[in-house]
Amino acid sequence: MDRFLAASALWAMHPAFLESMLKSGSIDAMLPDSLRQLASAMGGQQAAKPADPIRDGSTQIIPVRGTLAPQGLYGTTYYNVLADQVREAAADNKIGAIVLAIRSPGGYVWGCAEAGDAIFEARSAKPVIAVADPYCFSAAYWLATQASAFYCTTSGEVGSVGVRSGHTDMSGFESKIGMVTTLIASHPDKIAAHPYGALSDEDRADIQAGVDESNAAFAAAIARGRGMKAGDVAAVHGTGKTFSSRRALANGAIDGVSTLRDVVAQYNSSRARLSLMRRQAEAMAQAI
């Protein structure tokens, strides 16, 4: 992971998780190639394999795990893969409900809105239930609020609504090791906010504008998914803080406190199966 790309990207991620990831990436990037290769050979960190959907009766359980990202960047769950899984489940008449089993600190803003749209659109076909099991922060929270209903397990935590970016100034480090980087570009915009000097006021304003724009999209998505006004989102869902399941329920941010197991059992009940059978019968009648 390029540490400069990571620092300047637009993130919707829990601050503690993001700081840990960026710190790890920065330290790794500063290592000589020989030491990095040695660390990798001794069992360095590798990207986790995305979890596959699980079928439980008429319910499709889709795991949403770890860092959320578009394909091509480091991540555990890829937005486009998740969106495709949701669309496929929504179109499958044998599936009565979709459960998103979320355990994620969030991730990149890039790709999040598109995955959220897929989840919101699937609601018109069948129930889509999001469960924080046990935590659902930032970009993951964005996705969860697009579901038909949003639950959090008893000991769980949700929130961290908001967007952040940043800038890394490497000039001080380079001066200490006797190194100077000179960038040559076709236009100053091509090297805007580069990491080899202090951040200019103009570049800072551009980064802030990107953060504000993405944060407005975040609030608008929550408002759409939860059926509320965008102006009321901050009071209910917060502006960066996280909430225990009980506090989130008291605020009206979630629909209930329930374990993943209980939610799956609820949507695999006889009533859910009867509803599925009725939909299948209707589909068969239309096909005749």
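The values are calculated or read from the model by the stated rules, or taken from the named source; none is laboratory data. This structure is a prediction, so every number in the text was calculated from the model and none was measured. Positions of Cβ are generated from backbone atoms using ideal geometry, with glycine treated the same way; all protein chains shown enter the neighbour counts.
Mind checking whether some residue in the range 36-55 is part of a helix (DSSP H, G or I), modelled with pLDDT under 90, polar (S, T, N, Q) and out of contact with any strand residue (DSSP E or B) (no Cβ under 7 Å at 6 or more places or on another chain)? Yes: one or more hits. For the range 56-81, the set of residues classified as touching a residue at least 40 places away in the same chain (Cβ under 8 Å) and not in a strand (DSSP E or B) consists of G57, S58, P70, L73, Y74, listed by residue number. Of everything in the range 154-171 that is among the small types (G, A, S) and part of a loop (DSSP other than H, G, I, E, B), the residue that is modelled with the lowest pLDDT is G166.
Taking first residues from the range 230-255 that are surrounded by fewer than 17 Cβ atoms within 10 Å (Cβ to Cβ) and partners that are outside any loop (DSSP other than H, G, I, E, B) and β-branched (V, I, T), the Cβ contacts under 7 Å between residues at least 6 apart in sequence or on separate chains come to R246/V257; N251/V236; G252/V236. Is the range 212-226 home to any residue that is in contact with a Leu (Cβ under 9 Å, 6 or more places away or on another chain) and farther than 22 Å from M13 by Cα? Scanning the range 212-226 turns up no residue that is in contact with a Leu (Cβ under 9 Å, 6 or more places away or on another chain) and farther than 22 Å from M13 by Cα. Restricting attention to the range 221-229, does a residue exist that is loosely packed, with under 15 Cβ neighbours inside 10 Å, among the small types (G, A, S) and outside any helix (DSSP H, G or I)? Yes: the range 221-229 contains one or more residues that are loosely packed, with under 15 Cβ neighbours inside 10 Å, among the small types (G, A, S) and outside any helix (DSSP H, G or I).
Scan the range 213-228 and tell me whether some residue there is of a type outside the set (G, A, S) and farther than 24 Å from C152 by Cα. Yes: one or more hits. Being in the same structural domain as V264 (by TED's automatic domain parsing), in contact with a helix residue (DSSP H, G or I) (Cβ under 7 Å, 6 or more places away or on another chain) and not in a strand (DSSP E or B) is a description that applies to V86. Against the criterion of being touching a strand residue (DSSP E or B) at 6+ places or on another chain (Cβ under 6 Å), more than 24 Å from A16 (Cα to Cα) and modelled with pLDDT of 95 or more, G227 does not qualify.
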